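Take a look at the structure set out below.
The values are calculated or read from the model by the stated rules, or taken from the named source; none is laboratory data. It should be emphasised that the depicted structure is a prediction, and the values quoted were computed from it without experimental measurement. No Cβ is skipped: glycine too gets one built from the backbone with ideal geometry, and neighbour counts run over all protein chains shown. Heads up: the accessible areas ignore ligands, DNA and RNA and are worked out on the full protein's heavy atoms, side chains in. Shrake-Rupley method; radii C 1.70, N 1.55, O 1.52, S 1.80 Å.
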Amino acid sequence: MTHDHDVVLRPTAAQTAAALNPPAGRNGGDLVVETLAGLGATTVFGLPGQHALGMFDALRRSDLSYIGLRVENNAGFAADAYGRITGEAAPLLLSTGPGALTSLAALQEAAAASSPVIAISSQVPTAGLGGGRHGYLHELRDQKASFRDIVKSVHTVRSQSQIPSAIAAAWESALTAPHGPVWVEIPQDVLLAETALPVVTPMDAFPEDIVPRPELTAVAAELLAKAARPVIIAGGGVVRADASGKLLALAERLDAPVVTTFGGKGAFPWEHPLSLQSWLEDRHTTDFLEDADVLLVVGSGLGELSSNYHTFQPRGRIVQIEADLGKLESNHPALGIHADARIALQALLETVPERTDATAPERVRTVLAKVRDRIDAQDLGEERRILAAVREALPAGAPSFWDMTILAYWAWSAWPGSMHSAQGAGGLGYGFPAALGAAVADPGRPVLAVSGDGGAMYSVAELATAKQYDLPVTWLIVDDGGYGILREYMTDTFGEATATELARPDFVALAESFGVPAVRTSPDTLTADLSKALATPGPSVVVLPALLKMFAPTHL
C-alpha cells in the first residue's frame, strides 16, 4: 500500500553521475556555503576567525556575496536589518569563543525584533566538545549554552553529513513565525577536512503557516461586530507578516481607530482619519485605549513601551492575535489567537460584518489634539523642528535605522511612518551597522542612520566597511557630549548625572580619515545638508551638535 507522502524523489542519471564524482578540493566549509546557496541565500555577513577559516575559504568557491564588518556585534546588526528589509533569512558567519560571544547583543535584538538571522559559528575541534578542559584556543565549556536563552533554536554539527540537514532545520526555524535568530555551530576539524560528499543540491525549508483556530476567530468576529467602541493596536507582527493592507481593510470595515506600537510603525497610514499614530507614551492615548470595549491587539505583546510602561489597564475585552506563544496573554487576559497576523486578519475580513461609526474620526482628532496641546505646552520647539527637518530630507520610501538616542525616542512617537530601531532589546550601536545591512539588501536607494555621539562610538569601525563596499548610507550623528537620555534620566531621578559625560573625537575629521565625506551642520542647515548627503552616492556623515530634551513622561 502506498501513500502520497511516501513518494521518493529519484535522481536523474546526470545527478547520479555528479554525486558519484564530486569536484576535488572541497571541505566542510563548502558544504556550509552550498547549503546556504541551495536554500536561497545570496548574501552572507560575518567576520573570519581561526576556527572558521574553512567556511571563509569556501566562500571564494561560491557565488555568495560576502559583506565583512569589523566587529561581530555589528555584523549581527547588519544581518538583522537585511532580514527586516527582505523578510529572508540572513546568514551570519562567526568564529568560536570571543567572536561568537561578541555577537550576543545583536542576536538579542534580532530575537526581540523577530529578525531571521542564521548565525553559523565554528567550534573547537570535535575532540574538545563535551565540556572537558582541553585547552583549545577560544574554548568554552558549552558554547551553545550562551546562546540557547536568546535564539529560537540551537544546532550542533558533529560530522560533515549533518551540515546540510542542520542548516536547513535552522533555516526553517528562523523563518517560522515569529521569525527570529538561530544558532548553528560546527567544529573546526569538520570544516577543514576534505569532503567526498556530493555537492549539496537546492532544497526547500519552508515553514508551515500558523493558522488561527476557526472557533476563536468566530468569537473575535462576534465581539468586534457588537462592539460600541472597538480600537486596534497594531504591532510589529503586522509589518513582518506584510499585513498592512489587510489591517487597513479591517479598520475601515469596523470604523475602528488604530494605534501602532513603536515596533509596528508603518503598519497603518499615518494621516488616515482613523490613525491614532504612535503616541503610546501619552496618557491621553492610554485613556482612549482603556475606554475601548473591545481592543484588537495584532502582532504585539503589549510590553513595557506599548503599554505606557505598564500603566495601561484596559477595561474592555481584549482579542490578541500573536504568532509568538510566549507573548500571548503574557501581560493581560485576552481571547488569545495563536496565528500569523496576515492569516488571522484575512479570517476576520471574511467573517466580520461592516460596522459604521461616524464619531470615530472625530474621537481620533480629539485625542491627537490633546496630545499636541500637551507637547505644545513644553519648550520643545527645537526638538520638533529637528525631527521635521530629518523627515523632510529623507526621500520617500528610503528606510531609516535609529540608535538608542533622544532623537530616536522622539521618532518612536512622532515620526510619521515606518522606521527601524533597536527598541526591541534596547542596546547601543544598532543604527549605523543596521543601515549598512539595509543598503546591501536594497542598494538602489539611500539609507539613513541616526545615532547619538555615545552610540556612534560603538560603530565607528564600520566607517571602513561603508567605504570598502561603497554603501549608500548617510549617518546623522547628534552630538550632545554624552549619553543624553541617561543624563536626563539621572538628573530627573537623582538631581544630577554621573558617568554620562563623554570625551569624543571630531566626527567630521574621523569620517574623512576613512575617506568618507562629512559635514558639520546646524538645525537651520540640517535639511539641506542631509538632503545633499542622501543624494550623493556612497557613504557620508552629517554631524549635528545639539542638546535635545525629551517630552515629559506621563507614566510616572
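For Ala456, state whether it is under 25 Å from Asn73 (Cα atoms) and of a type outside the set (Lys, Arg). Working first, answer last.
Working: under 25 Å from Asn73 (Cα atoms): yes; of a type outside the set (Lys, Arg): yes.
Judged against the criteria, Ala456 is a match.
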- Condition broken by Val519, with the remaining ones in (1) outside any loop (DSSP other than H, G, I, E, B); (2) among the β-branched types (Val, Ile, Thr); (3) surrounded by 19 or more Cβ atoms within 10 Å (Cβ to Cβ); (4) modelled with pLDDT of 95 or more satisfied: (3)
- Note on the structure: Flagged in the stretch 533-556 as under 14 Å from Trp475 (Cβ atoms) and of a type outside the set (S, T, N, Q), in numbering order, are Ala533, Leu534, Gly538, Pro539, Val541, Val542, Val543, Leu544
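If only one of Val473, Val460 is open to solvent by 10 Å² or more (accessible area, probe 1.4 Å), under 23 Å from the mean Cα position of the chain (by Cα) and touching a residue at least 24 places away in the same chain (Cβ under 8 Å), which one is it? Break it down stepwise before answering.
Working: Val473 fails: open to solvent by 10 Å² or more (accessible area, probe 1.4 Å).
Just a single option satisfies the conditions, and that option is Val460.
Examine the stretch 307-325 for a residue that is of a type in the set (Asp, Glu) and either part of a helix (DSSP H, G or I) or more than 24 Å from Lys265 (Cβ to Cβ) (or both), and state whether such a residue exists. Even if it seems obvious, please write down each step before you answer.
We begin by selecting, within the stretch 307-325, every residue of a type in the set (Asp, Glu); these are 322, 324.
Now drop any that are not either part of a helix (DSSP H, G or I) or more than 24 Å from Lys265 (Cβ to Cβ) (or both), which leaves none.
No.
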- Item | Count of the stretch 173-227 residues which are in a helix (DSSP H, G or I) and under 27 Å from Gly76 (Cβ atoms) | 8
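Table: residues versus (1) in contact with a strand residue (DSSP E or B) (Cβ under 9 Å, 6 or more places away or on another chain); (2) of a type in the set (S, T, N, Q).
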site: Trp475; (1), (2): yes, no
site: Gly481; (1), (2): yes, no
site: Arg487; (1), (2): yes, no
site: Thr491; (1), (2): no, yes
site: Gly495; (1), (2): no, no
site: Glu501; (1), (2): yes, no
site: Arg504; (1), (2): yes, no
site: Val519; (1), (2): yes, no
site: Thr527; (1), (2): no, yes
- Message: So, in the stretch 506-526, exactly how many residues are touching a residue at least 24 places away in the same chain (Cβ under 8 Å) and within 18 Å of Gly452 (Cα to Cα)?
- Response: 9
- Message: Please go through (1) in contact with a Lys or Arg (Cβ under 6 Å, 6 or more places away or on another chain); (2) open to solvent by 40 Å² or more (accessible area, probe 1.4 Å); (3) hydrophobic (A, V, I, L, M, F, W, C) for Val219 and return the number of the only condition it doesn't satisfy.
- Response: (1)
- Task: Mind telling me which of the residues Val259, Val184, Val239 ends up being touching a Ser or Thr at 6+ places or on another chain (Cβ under 8 Å), more than 28 Å from Val352 (Cα to Cα) and modelled with pLDDT of 95 or more?
- Result: Val184
- Of the residues that make up the stretch 383-397, is at least one surrounded by 13 or more Cβ atoms within 10 Å (Cβ to Cβ), out of contact with any Pro (no Cβ under 6 Å at 6 or more places or on another chain) and not in a helix (DSSP H, G or I)? yes
- Task: Spot the failing condition for Val297; the list is (1) at negative phi; (2) part of a loop (DSSP other than H, G, I, E, B), and only one is missed.
- Result: (2)
- Taking the stretch 364-382 and keeping residues touching a residue at least 24 places away in the same chain (Cβ under 8 Å) and either touching a Gly at 6+ places or on another chain (Cβ under 9 Å) or open to solvent by less than 60 Å² (accessible area, probe 1.4 Å) (or both) leaves Val364, Val367, Leu368, Val371, Arg374, Ile375, Gln378, Leu380
- Quick one: which helices (runs of 4 or more DSSP H) sit completely within the stretch 1-118 and have at least 2 residues that are under 25 Å from Ser459 (Cα atoms), modelled with pLDDT of 95 or more and among the aromatic types (Phe, Trp, Tyr)? 72-86
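Go through the stretch 237-259 and count every residue that is open to solvent by less than 10 Å² (accessible area, probe 1.4 Å) and under 30 Å from Ala111 (Cβ atoms). Steps first, answer last, please.
Taking the stretch 237-259 first, the residues open to solvent by less than 10 Å² (accessible area, probe 1.4 Å) are 238, 243, 247, 250-251, 254, 256-259.
Now drop any that are not under 30 Å from Ala111 (Cβ atoms), which leaves 238, 243, 247, 250-251, 258-259.
Matching residues across the stretch 237-259 total 7.
Regarding the stretch 277-285, can at least one residue be identified that is assigned to a loop (DSSP other than H, G, I, E, B) and open to solvent by 10 Å² or more (accessible area, probe 1.4 Å)?
The answer is yes, given that some residue of the stretch 277-285 is assigned to a loop (DSSP other than H, G, I, E, B) and open to solvent by 10 Å² or more (accessible area, probe 1.4 Å).
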- Task: Being under 17 Å from Leu547 (Cα atoms), assigned to a helix (DSSP H, G or I) and open to solvent by 20 Å² or more (accessible area, probe 1.4 Å) is the filter here, so list the residues in the stretch 486-513 that pass it.
- Result: Leu486, Arg487, Glu488, Tyr489, Met490, Thr491, Asp492
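Does the stretch 148-172 hold any residues that are in a helix (DSSP H, G or I), without any contact (Cβ under 8 Å) to a residue 60 or more places away in the chain and among the hydrophobic types (A, V, I, L, M, F, W, C), and which are they? Steps first, please.
So in the stretch 148-172, the residues in a helix (DSSP H, G or I) come out as 148, 160-172.
Filter once more, keeping what is without any contact (Cβ under 8 Å) to a residue 60 or more places away in the chain: 148, 161-162, 165-166, 169-170, 172.
Ala166, Ala169, Ala170, listed by residue number.
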- Of the residues in the stretch 393-435, those that are in contact with a Phe, Trp or Tyr (Cβ under 8 Å, 6 or more places away or on another chain) and closer than 21 Å to Thr102 by Cβ come to Phe401, Asp403, Met404, Ala422, Leu428, Gly429, Tyr430, Gly431, Phe432, Pro433, Ala434, Ala435
- Query: Out of the residues in the stretch 488-515 that are acidic (Asp, Glu) and over 12 Å from Leu463 (Cα atoms), which is nearest to the chain's Cα centre (by Cα)?
  - Reply: Glu488
- Message: Test of understanding: among Ala341, Ala438, Ala422, which residue is open to solvent by less than 10 Å² (accessible area, probe 1.4 Å) and at pLDDT below 95?
- Response: Ala422
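Residues of the stretch 138-165 being under 11 Å from Gln123 (Cβ atoms), touching a His at 6+ places or on another chain (Cβ under 9 Å) and modelled with pLDDT of 95 or more, which ones? Talk me through it step by step, then tell me what you get.
Just the residues of the stretch 138-165 that are under 11 Å from Gln123 (Cβ atoms), to begin with: 138-140, 142-144, 156-158.
Within this subset, residues satisfying the condition of being touching a His at 6+ places or on another chain (Cβ under 9 Å) are 138, 144.
Scanning the stretch 138-165 gives no hits.
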- Identify all residues within the stretch 188-215 that are buried (at least 24 other Cβ atoms within 10 Å of the Cβ) and in contact with a Leu (Cβ under 7 Å, 6 or more places away or on another chain); write none if there are none. none
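So which residues in the stretch 103-145 are within 18 Å of the chain's Cα centre (by Cα) and open to solvent by 30 Å² or more (accessible area, probe 1.4 Å)? Write out each step before concluding.
Going through the stretch 103-145, the residues within 18 Å of the chain's Cα centre (by Cα) turn out to be 103-119.
Once the filter is applied, which keeps residues that are within 18 Å of the chain's Cα centre (by Cα) and open to solvent by 30 Å² or more (accessible area, probe 1.4 Å), the stretch 103-145 yields Leu104, Ala105, Gln108, Ala111, Ala112.
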- With Leu191, Leu216 as the choices, which residue is more than 16 Å from His51 (Cβ to Cβ), out of contact with any Pro (no Cβ under 7 Å at 6 or more places or on another chain) and not polar (S, T, N, Q)? Leu216
